[in-house]
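Undergrad: What follows is a single structure, and I will ask about it in a moment.
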Amino acid sequence: MKILIADDDPQMVRALRVTLSARGYDIVTATNGRQAVDAAIAQHPDVYLLDLGMPELDGLEVIHALRGWTTAPILVVSGRTDAFEKVEVLDAGADDYVTKPFSMDELLARIRALTRRSPHHEPQQAVVTIGDVTIDLANRSVTRRTEGGSAAVRLTPTEWQVLEILVRNAGRLVTRQNLLVEIWGSEHVTDTGYLRLYLAQLRKKLEPNPSEPRFLLTESGMGYRFVPEGR
């Protein structure tokens, strides 16, 4: 699998290249945005790791350029912590965002999650199990294991919509704006209270300990993430 690393920090590029190469990835590098776009056209990477503050073209401009012709996963790796900027790049087409400094284990986990969603990999599982709860996407049902077998977990239509979007994007950050627009329409893009309500209800029904969620996680200021392995 080929990964393009685009960052104007040579030490960061070197560290990522060494670590990812050691794990069997084929690495392509770029030190500015224009090089990144040129390398993308010539090399067709399977995954992109992009910094935002690059010369020539910044990371946001690179994302816009890439999304004109490729659906390959884009993971932004940046020192910027402003929530608005994070949401902006995610809405522009990035698939995930990691803030520097980060642990290499976290970065590798994010890459694995993104590549599982890649068209080059096996189709998504129709049935997902979290703890004693089974989510069946094909049959649109949720059940909980009991001593005598299993019992249905009843969700409202809207609760199911929220859960289905998160499960189908397992491991990836789903922004609040994307959820609101997809479920309620663009006129409700600022109604984040809806999401807090429905996520709270889903956690009560699905999480072992709703006050300390393991599977339905909040990414502060950005959105939500479904983690099937739990945290």
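Undergrad: I'm trying to understand the selection: among the residues of the range 135-192, which are aromatic (Phe, Trp, Tyr) and in contact with a Lys or Arg (Cβ under 7 Å, 6 or more places away or on another chain)? I'd like the intermediate steps shown before the answer.
TA: Within the range 135-192, the first condition is being aromatic (Phe, Trp, Tyr), and the residues that meet it are 160, 184.
The one that is aromatic (Phe, Trp, Tyr) and in contact with a Lys or Arg (Cβ under 7 Å, 6 or more places away or on another chain): Trp160.
Undergrad: So which of Thr146, Thr175 is hydroxyl-bearing (Ser, Thr, Tyr) and without any contact (Cβ under 8 Å) to a residue 24 or more places away in the chain? Reasoning before the result, please.
TA: Values: Thr175 fails: without any contact (Cβ under 8 Å) to a residue 24 or more places away in the chain.
It is Thr146.
Undergrad: Among the residues of the range 22-48, write down those that are in contact (Cβ under 8 Å) with a residue 60 or more places away in the chain and under 28 Å from Asp82 (Cα atoms).
TA: If the condition is that a residue be in contact (Cβ under 8 Å) with a residue 60 or more places away in the chain and under 28 Å from Asp82 (Cα atoms), then Asp46, Val47 are the ones that fit.
Undergrad: Hey, another quick one. Would you mind telling me which numbered condition in (1) surrounded by 22 or more Cβ atoms within 10 Å (Cβ to Cβ); (2) out of contact with any Ser or Thr (no Cβ under 7 Å at 6 or more places or on another chain); (3) over 19 Å from Gly171 (Cβ atoms) Lys86 fails?
TA: (3)
Undergrad: Shifting gears a bit: Can you run down the residue pairs with Cβ atoms below 6 Å, 6 or more apart or on separate chains, where the first is in the range 86-99 and under 13 Å from Ile63 (Cα atoms) and in contact (Cβ under 8 Å) with a residue 40 or more places away in the chain and the partner is of a type outside the set (Lys, Arg) and in a helix (DSSP H, G or I)?
TA: Between residues of the range 86-99 that are under 13 Å from Ile63 (Cα atoms) and in contact (Cβ under 8 Å) with a residue 40 or more places away in the chain and residues that are of a type outside the set (Lys, Arg) and in a helix (DSSP H, G or I), the close pairs are Ala94/Ile63; Asp95/Leu114.
Undergrad: Could I ask something else about it? Specify the residue that is nearest to the chain's Cα centre (by Cα); the eligible residues are those in the range 133-156 that are part of a loop (DSSP other than H, G, I, E, B) and at pLDDT below 90.
TA: From the range 133-156, those part of a loop (DSSP other than H, G, I, E, B) are 137-140, 147-148, 153-156; that's our starting set.
Narrowing the set further to residues that are at pLDDT below 90 leaves 137-140, 147-148.
Numbers: Leu137: 19, Ala138: 22, Asn139: 24, Arg140: 22, Glu147: 35, Gly148: 37 Å.
The extreme case among them is Leu137.
Undergrad: Further question: Return yes or no: is Ala113 closer than 30 Å to Leu166 by Cβ and part of a loop (DSSP other than H, G, I, E, B)?
TA: Working: closer than 30 Å to Leu166 by Cβ: yes; part of a loop (DSSP other than H, G, I, E, B): no.
Taking the combined requirement at face value, the residue does not satisfy it.
Undergrad: Could you list, in sequence order, the residues of the range 8-26 that are touching a Leu at 6+ places or on another chain (Cβ under 9 Å) and within 20 Å of Leu52 (Cβ to Cβ)?
TA: Within the range 8-26, Leu16, Leu20 qualify.
Undergrad: Can you pull out every residue in the range 211-227 that is more than 10 Å from Leu166 (Cβ to Cβ), in a loop (DSSP other than H, G, I, E, B) and touching a residue at least 24 places away in the same chain (Cβ under 8 Å)? Walk me through how you get there before you give the answer.
TA: Step one: filter the range 211-227 for residues more than 10 Å from Leu166 (Cβ to Cβ), giving 211-214, 218-222.
The next check asks that each one be in a loop (DSSP other than H, G, I, E, B); those that pass are 211-214, 220-222.
Passing the criteria: Arg214, Ser220, Gly221, Met222.
The values are calculated or read from the model by the stated rules, or taken from the named source; none is laboratory data. A quick note: this is a predicted structure, and the numbers were derived from the prediction, not measured. For neighbour counting, all protein chains shown are included, and Cβ atoms are generated from backbone atoms with ideal geometry for every residue, glycine included.
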